[in-house]
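First the structure, in the form of structure tokens, and then the observations on it.
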Amino acid sequence: MQKLRCTSCGADLEVENQFIRSVTCAYCGANYMISGSQTLDPKGKTATLADYPSRLNVGARGTIRGRAFHVLGRIRYTYDAGFWEEWQIAWDDEQSPPDWLEEDEGMWTLYRRGRIKAAIPPYEEVRVGTSISINQQNVFITEKRKGQVAGSEGQFSSVFPISGEFGYVTGAGDKGKLSVNYWQDEIELSRGDEIEFNDLVIK
Ligand SMILES: [Zn+2]
């Protein structure tokens with residue numbers, strides 16, 4: 001584990017492994033891109049999340065269907081009808097890159113970032129109630145919204161926009177739930193896997 005120092009408040013910032021691409025200081029909310037050989041590239045500040053209790057916290061350990069994980073980071077998103085949170089989790093067996101655990105009104109979904117193998121239709125062209133093709137798979141669109149990052153803390157395997165709105169859509173494909181985030185200069189595809197209450201054990 002590498003230790004870097006927050007240039008804003010001086011706190012230690014942990015960077016656990018080579019998958020980490022951005023980090024948010026838990027004390028002051030300063031957000032950095034990790035570039036080159038572990039140097040910090042400041043992006044600005046997000047709100048800190050200390051005032052929002054949850055079942056999980058950064059550093060917590062648990063298992064999903066028996067596979068051990070620990071929590072690296074947390075992002076809180078808002079949209080017109082409320083908020084949701086995503087937890088960046090690292091698997092203790094290190095057999096795959098960190099994944100995202102989403103908590104939305106007590107429901108948990110495990111999201112794995114997927115490779116985009118063919119162009120995905122632009123946000124403006126996607127309509128709820130129609131199907132689009134993602135990686136040669138028909139995906140029926142069930143939700144289309146704009147979201148915004150409200151705050152973050154910890155380490156992340158992706159770089160997310162700390163201000164401004166982004167579009168996202170979710171839908172159902174042959175192999176389960178799919179979600180597409182339209183960041184400013186990147187489209188991110190994730191595959192969702194709903195977690196039953198008993199499959200998630202927090203230690
Ligand atoms: Zn700081």
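The values are calculated or read from the model by the stated rules, or taken from the named source; none is laboratory data. From a predicted model like this one, the values you see are computed outputs, not experimental measurements. Because the Cβ atoms are built from the backbone with ideal geometry, glycine has one as well, and the counts that use them run over all protein chains shown.
Exactly one residue out of Arg76, Arg61 is more than 18 Å from Ser179 (Cβ to Cβ) and either in contact with an Asp or Glu (Cβ under 9 Å, 6 or more places away or on another chain) or away from the ligand (no atom under 16 Å from the Cβ) (or both): that is Arg61.
The set of residues from segment 12-46 being more than 26 Å from Asp104 (Cβ to Cβ), outside any strand (DSSP E or B) and of a type in the set (S, T, N, Q) comprises Asn17, Gln18, Ser37, Gln38. In segment 130-162, the qualifying residues are those that are among the aromatic types (Phe, Trp, Tyr) and under 13 Å from the mean Cα position of the chain (by Cα), and the one that is farthest from Ile187 (Cα to Cα) is Phe156. Only residues that are more than 9 Å from the ligand (Cβ to nearest atom) and closer than 17 Å to Glu85 by Cβ were counted in segment 23-55, giving 11. Trp108 meets each of the listed conditions (1) at pLDDT below 95; (2) part of a strand (DSSP E or B); (3) within 25 Å of Ser163 (Cβ to Cβ); (4) not basic (Lys, Arg) apart from (3). Of all residues in segment 139-176, those satisfying the criterion of being in contact (Cβ under 8 Å) with a residue 60 or more places away in the chain and either surrounded by fewer than 18 Cβ atoms within 10 Å (Cβ to Cβ) or among the small types (Gly, Ala, Ser) (or both) are Arg145, Lys146, Gly147, Gln148, Ala150, Gly151, Ser152, Gly154, Ser157, Ser158, Ser163.
Considering only residues in segment 6-22 that are more than 9 Å from the ligand (Cβ to nearest atom) and surrounded by 12 or more Cβ atoms within 10 Å (Cβ to Cβ), the one that is farthest from Asp99 (Cα to Cα) turns out to be Glu14. Considering only residues that are within 30 Å of Asp41 (Cα to Cα) and out of contact with any Lys or Arg (no Cβ under 6 Å at 6 or more places or on another chain), which ones fall in segment 128-153? Arg145, Lys146, Gly147, Gln148, Val149, Ser152 - these are the residues of segment 128-153 that are within 30 Å of Asp41 (Cα to Cα) and out of contact with any Lys or Arg (no Cβ under 6 Å at 6 or more places or on another chain).
Can you say whether Glu194 is part of a strand (DSSP E or B), of a type in the set (Asp, Glu) and surrounded by 15 or more Cβ atoms within 10 Å (Cβ to Cβ), as far as the supplied structure shows?
no
If I filter segment 113-133 for residues that are touching a residue at least 60 places away in the same chain (Cβ under 8 Å), part of a strand (DSSP E or B) and surrounded by fewer than 14 Cβ atoms within 10 Å (Cβ to Cβ), do I get at least one hit? No, every residue in segment 113-133 fails to be touching a residue at least 60 places away in the same chain (Cβ under 8 Å), part of a strand (DSSP E or B) and surrounded by fewer than 14 Cβ atoms within 10 Å (Cβ to Cβ). So for segment 47-62 (the condition being surrounded by 14 or more Cβ atoms within 10 Å (Cβ to Cβ), in a strand (DSSP E or B) and within 14 Å of the chain's Cα centre (by Cα)), does at least one residue qualify? The answer is no, given that none of the residues of segment 47-62 is surrounded by 14 or more Cβ atoms within 10 Å (Cβ to Cβ), in a strand (DSSP E or B) and within 14 Å of the chain's Cα centre (by Cα).
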